[in-house]
Every structure is written in structure tokens, then in C-alpha cells.
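Reading through the C-alpha cells given below for one structure.
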Amino acid sequence: MNTAHPRLNFSTAEITGATVHEKRCTVADMQGYYRDEPARQHLDPGKLVYRVQAWLPAPEGQEGGLFLGTTLIEPGRVGDEYFMTKGHFHLNRNRSEFYITAAGSGALILMDENGRTVFEPMRPGSIHYIPFHCAHRVANTGDSLLSFLACWPSDAGHDYGTIASRGFSARLRNINGTPALVEVA
Ligand code: S6P
Ligand code: ZN
């Protein structure tokens with residue numbers, strides 16, 4: 001079992017250590033996720049949108065373990081939408097998750113299986129419970145790095161396909177300087 005302990009930086013939520021894996025997501029990886037695809041194509045495809053540092057001390061898919069991860073989202077926009085994570089349902093729909101914001105300001109966007117989408121503002125110290133059966137995505141609505149710590153069950157799994165093909169029922173857009181959810185027609 002891989003349990004060498006990583007370290008947490010409480011200001012940024014960054015986790016470091018030999019057992020931490022990092023996943024990076026660039027503008028090129030976000031193809032199809034934004035309303036304004038020409039605006040996305042205008043940006044440098046190699047530009048970093050977000051990265052995830054994850055510590056997986058139990059085998060993936062095994063019931064009973066917990067995973068810890070930090071997501072760091074760069075400030076930026078694609079058209080009037082913010083830099084954001086792809087978003088997913090958990091493959092095991094009845095698996096929930098905690099998010100705790102460390103730095104920056106953002107929005108946790110939640111969509112239930114009936115297609116009802118809401119968002120919760122994120123700011124340093126805010127704690128968010130993602131109920132089971134809810135798709136989740138985070139947008140950086142500020143002008144500095146947004147970082148948050150996440151904890152989820154090792155058998156949650158990730159269903160990216162449903163969001164990649166159908167999206168959320170509403171998009172978080174910058175409307176006259178304020179983040180607002182706008183239903184997708
Ligand atoms: C995992 C958890 C987070 C996300 C991360 C990136 O269940 O919700 O660690 O993986 O915020 O988002 P995404 O949608 O690209 O996985
Ligand atoms: Zn998740």
C-alpha cells in the first residue's frame with residue numbers, strides 16, 4: 001500500500017510529496033466545453049487552465065478508501081465564461097465529496113440528475129458538501145489563482161462522458177461583471 005504521507009500547504013492547499021500525482025488541463029483539453037468555441041481557439045492551446053494534485057492511498061475503485069486532492073484553477077475567461085474544470089458525475093452516483101476553498105474566489109456549480117443547476121460561492125475557508133447524484137464543476141470567478149482541497153471515496157470513479165456530451169443545464173457567465181447562471185436553451 002502506498003501511504004507515504006504528503007504535506008499540505010494551508011495557504012494554497014497545495015499537496016506535495018513523492019506519492020502525489022499531478023494532472024494538467026490546458027486550453028486544448030477544454031475543446032467542446034465552452035459556448036464560445038472560436039474564443040477558445042483564439043487562446044494559446046498550451047495555456048494552463050487547471051491542475052489537480054492527488055493523493056490516492058488506496059487502490060482506485062476499491063470500496064472503503066479515501067482520496068485527497070487539490071485543484072488549482074488559473075484566472076481567465078473564454079468569451080464570457082470563466083476558466084473552469086470539466087466537471088463530472090461520480091461513476092458510482094451515490095458517492096459524495098467535500099470541497100474546502102483555500103485561496104481565490106470561485107463558484108461550485110452543482111447539477112442534480114433532474115438537470116437542476118445551482119451554484120455556491122467559494123471563498124477562502126468555505127466548506128462545500130457535494131451530495132451524491134450531483135455533477136460538479138468549479139469556475140474561477142476572480143482574478144487570482146483559485147485553489148481548493150477535495151476529499152472523495154476511492155470507489156467514486158469519474159463519469160466525464162455525460163457532461164462532455166450533454167453539458168450542464170446552465171452555464172456560469174460573466175453578466176455585467178457578475179457571475180450568473182444562464183440556462184442553456
Ligand atoms: C474528484 C474531485 C476533484 C476534481 C478536480 C478536477 O472527484 O471532484 O478532484 O477531479 O476538481 O475536476 P474534473 O472535473 O476535471 O475532474
Ligand atoms: Zn468529484
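The values are calculated or read from the model by the stated rules, or taken from the named source; none is laboratory data. All of these numbers come straight from a predicted model, not from anything done at the bench. Cβ sites come from the backbone with ideal geometry, for glycine too, and all protein chains shown count toward neighbours. These accessible areas exclude ligands, DNA and RNA; they are computed on the full protein's heavy atoms, side chains included. Shrake-Rupley method; radii C 1.70, N 1.55, O 1.52, S 1.80 Å.
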* To do: Hey, can you tell me all the residues within region 158-168 that are of a type in the set (Gly, Ala, Ser), open to solvent by 30 Å² or more (accessible area, probe 1.4 Å) and in contact (Cβ under 8 Å) with a residue 12 or more places away in the chain?
  => 164
* To do: Could you grab the pairs with beta carbons closer than 6 Å, sequence gap of 6+ or different chains, first residue in region 143-157 and more than 25 Å from residue 48 (Cβ to Cβ) and near ligand 2 (Cβ under 9 Å from one of its atoms), second one open to solvent by 10 Å² or more (accessible area, probe 1.4 Å) and assigned to a strand (DSSP E or B)?
  => none
* To do: Determine whether region 91-110 contains at least one residue that is under 18 Å from residue 52 (Cβ atoms), away from ligand 2 (no atom under 12 Å from the Cβ) and either open to solvent by 30 Å² or more (accessible area, probe 1.4 Å) or among the polar types (S, T, N, Q) (or both).
  => yes
* Asked: Within region 91-104, can one find any residue that is among the charged types (D, E, K, R) and assigned to a strand (DSSP E or B)?
  -> yes
* Asked: Quick one: residue 72 ticks every box in (1) touching a residue at least 12 places away in the same chain (Cβ under 8 Å); (2) more than 11 Å from ligand 1 (Cβ to nearest atom); (3) of a type outside the set (Asp, Glu) bar one, so which box is it?
  -> (2)
* Asked: Within region 40-54, is even one residue among the hydrophobic types (A, V, I, L, M, F, W, C) and touching a residue at least 40 places away in the same chain (Cβ under 8 Å)?
  -> no
* Asked: Given 56, 43, which one is surrounded by fewer than 20 Cβ atoms within 10 Å (Cβ to Cβ) and within 16 Å of ligand 2 (Cβ to nearest atom)?
  -> 56
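Each row is one residue, and each column tells you yes or no for (1) more than 10 Å from ligand 1 (Cβ to nearest atom); (2) farther than 22 Å from residue 33 by Cβ.
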{"residue": "113", "(1), (2)": "yes, no"}
{"residue": "116", "(1), (2)": "yes, no"}
{"residue": "138", "(1), (2)": "no, no"}
{"residue": "142", "(1), (2)": "yes, no"}
{"residue": "155", "(1), (2)": "yes, yes"}
{"residue": "160", "(1), (2)": "no, no"}
{"residue": "165", "(1), (2)": "yes, no"}
* Asked: In region 15-32, what residues are part of a loop (DSSP other than H, G, I, E, B) and more than 25 Å from residue 43 (Cβ to Cβ)?
  -> 17, 18, 19
* Residue check for residue 34: among the hydroxyl-bearing types (Ser, Thr, Tyr) and touching a Cys at 6+ places or on another chain (Cβ under 7 Å) -> no
* Structure fact -> Here, strands (runs of 3 or more DSSP E) confined to region 120-185 with at least 3 residues that are farther than 27 Å from residue 15 by Cβ are 170-175, 178-183
